[in-house]
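Everything on this sheet refers to the single structure shown next.
The values are calculated or read from the model by the stated rules, or taken from the named source; none is laboratory data. Nothing here was measured: the structure is a model prediction, and the numbers come from that model. All Cβ positions, glycine included, derive from the backbone under ideal geometry; neighbour counts span all protein chains shown.
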Amino acid sequence: MLNVVLLLVCLIVGVVLRQIKLVPDDAHLTINQLLVAVFIPALTLLYIPDMHLTRQFWLPVLVPWLVFLIGLLVFGLFSRFGTQLDRSSLGSLQLTGGISSVSFVGFPLFELLYGKAGLAVGIVMSQAGTFLVAMTVGVALASWHLAKQSPSGQQPSGRPSVKLILGNMLRFPPFPVFLVAVVANLAGYRHPALVRELLEKISSPFSVLALLSVGLQLRLRVSPEQQPNLLLGLSYKLLLAPLLVFVLCRLWLGRHDYVADLCILGSAIGPMNTAAILAQRYGLNAPLAAQMVGLGIPLSFPVLFLLYYLMEH
């Protein structure tokens, strides 16, 4: 319960700091850069080398990829045959609408509802699922939209090259750190106590800073031109995605265990803050991405507890 209270307090403090103007309007940008350059790499080095995956964890690894890929299709089809989205807005919706904030929203919630076993599933879902999606296809997608928007830049034809996409991925600090951590895991490396304690100390501010950043970006007033885009993005993230995962886990696979339940809940968590950072970093519709995160995370809480109640009863 303490973690949930901390989560809500950090969101509220972020909103209050912005409202009374104790911090600059763009303070969240500095926090986001710290998250990307310091705290997410520290979390990656902390958890991935020590991971022990078993067969029961294949579902929480695959579900985030499925949610992201279906989101690509849904938003792409809607852009083509429904409301015409500009490429910047389309990219923002594909990033934020398809990736859940499992790390700093799911961790305390999963532990609250399912104890340490729930937290263990959350770590796998985050590190090998949502986080890996963001660091690989998420960065590639953002690079692709950037290149398509800038045909006169590095790509005269407007067609992004593999070299450009891979270069952007490698320049995004958490990604090369992730590669190092995976190699360490495969090599059988395990952290000595001193290294583990050091990484824990460095990464410990992550949740507070990430939630403060979300609070600083929260805007309850939505401009009329953004309303259709937000409705589309949040409808997929909070309603359609968990419905699809429910059908997959409960009806198709026949899974009724706590791992399947956590996959359903994980798909209904609001958008990942890192996805909004990607949108801002690669010149997509940053205000739309910020609103997807700032509105999506608070709105996801009633959805999550309703889903939990329905699954338990």
Residue pairs meeting the criteria (Cβ under 7 Å; at least 6 apart or on separate chains; first more than 18 Å from Leu209 (Cα to Cα), in the stretch 98-123; second assigned to a loop (DSSP other than H, G, I, E, B) and at pLDDT 85 or above) | Ile99/Met272
When both residues are 6+ apart or on different chains and their Cβ atoms are under 8 Å apart, which pairs have a first residue that lies in the stretch 289-313 and is within 13 Å of Leu243 (Cα to Cα), and a second that is among the β-branched types (Val, Ile, Thr) and surrounded by 15 or more Cβ atoms within 10 Å (Cβ to Cβ)?
-> Leu304/Ile269; Leu307/Ile264; Met311/Ile264
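Pick out the one residue from Ala134, Ala117 that is surrounded by 17 or more Cβ atoms within 10 Å (Cβ to Cβ) and not hydroxyl-bearing (Ser, Thr, Tyr). Spell out how you get there, then give the answer.
On the way: Ala117 fails: surrounded by 17 or more Cβ atoms within 10 Å (Cβ to Cβ).
None of the others qualify; the one that does is Ala134.
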Checking Val222 against (1) in contact (Cβ under 8 Å) with a residue 60 or more places away in the chain; (2) farther than 18 Å from Val133 by Cβ; (3) part of a helix (DSSP H, G or I), which test does it fail?
-> (3)
Give the residues of the stretch 191-214 that are closer than 21 Å to Asp25 by Cα and modelled with pLDDT of 80 or more, sorted by residue number.
-> Phe206, Val208, Leu209, Leu212, Ser213
Pairing a residue in the stretch 178-194 that is at negative phi with any residue that is part of a loop (DSSP other than H, G, I, E, B) and hydrophobic (A, V, I, L, M, F, W, C), where Cβ atoms lie under 7 Å and the two sit 6 or more apart in sequence or on different chains, gives Asn185/Met51
Identify all residues within the stretch 181-209 that are under 29 Å from Leu146 (Cα atoms) and exposed (fewer than 15 other Cβ atoms within 10 Å of the Cβ); write none if there are none.
-> none
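Can you pull out every residue in the stretch 239-248 that is hydrophobic (A, V, I, L, M, F, W, C) and either buried (at least 23 other Cβ atoms within 10 Å of the Cβ) or not in a helix (DSSP H, G or I) (or both)? Lay out the reasoning, then the answer.
Of the stretch 239-248, the ones hydrophobic (A, V, I, L, M, F, W, C) are 239-241, 243-248.
Matches in the stretch 239-248: Ala241, Val245.
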Inside the stretch 254-313, counting only helices (runs of 4 or more DSSP H) that do not spill past its ends, which hold 2 or more residues that are closer than 15 Å to Gln217 by Cα, touching a helix residue (DSSP H, G or I) at 6+ places or on another chain (Cβ under 8 Å) and β-branched (Val, Ile, Thr)?
-> 273-281, 286-312
Residue list for the stretch 71-112, restricted to those being more than 18 Å from Pro287 (Cα to Cα) and of a type in the set (D, E, K, R) = Arg80, Glu111
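Select from the stretch 153-170 the residues that are exposed (fewer than 12 other Cβ atoms within 10 Å of the Cβ) and either among the aliphatic types (A, V, I, L, M) or assigned to a helix (DSSP H, G or I) (or both) and write down the one among them that is modelled with the lowest pLDDT. If you could, list the steps in order and put the result at the bottom.
As a first pass, look at the stretch 153-170 and keep what is exposed (fewer than 12 other Cβ atoms within 10 Å of the Cβ): 153, 156-157, 159, 162-163.
Filter once more, keeping what is either among the aliphatic types (A, V, I, L, M) or assigned to a helix (DSSP H, G or I) (or both): 162-163.
Details: Val162: 72, Lys163: 76.
Top of the filtered list is Val162.
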Are there any pairs with C-beta distances below 8 angstrom linking a residue in the stretch 245-263 that is within 22 Å of Glu111 (Cβ to Cβ) to a residue that is of a type in the set (A, V, I, L, M) and not in a helix (DSSP H, G or I), with the two at least 6 apart or on different chains, and if so which?
-> Ala260/Leu253
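Test of understanding: among Val133, Val177, Val183, which residue is farther than 19 Å from Leu35 by Cα, in a helix (DSSP H, G or I), modelled with pLDDT of 85 or more and under 24 Å from the mean Cα position of the chain (by Cα)? Give the derivation first.
On the way: Val133 fails: farther than 19 Å from Leu35 by Cα; Val177 fails: farther than 19 Å from Leu35 by Cα.
Unique residue meeting the criteria: Val183.
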Restricted to the stretch 66-92, and to residues that are without any contact (Cβ under 8 Å) to a residue 12 or more places away in the chain and part of a helix (DSSP H, G or I), which residue is farthest from Val180 (Cα to Cα)?
-> Phe81
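For the stretch 81-114, give me the residue count where each residue is among the β-branched types (Val, Ile, Thr) and surrounded by fewer than 22 Cβ atoms within 10 Å (Cβ to Cβ).
Step one: of the stretch 81-114, the residues among the β-branched types (Val, Ile, Thr) are 83, 96, 99, 102, 105.
Narrowing the set further to residues that are surrounded by fewer than 22 Cβ atoms within 10 Å (Cβ to Cβ) leaves 83.
Qualifying residue count, the stretch 81-114: 1.
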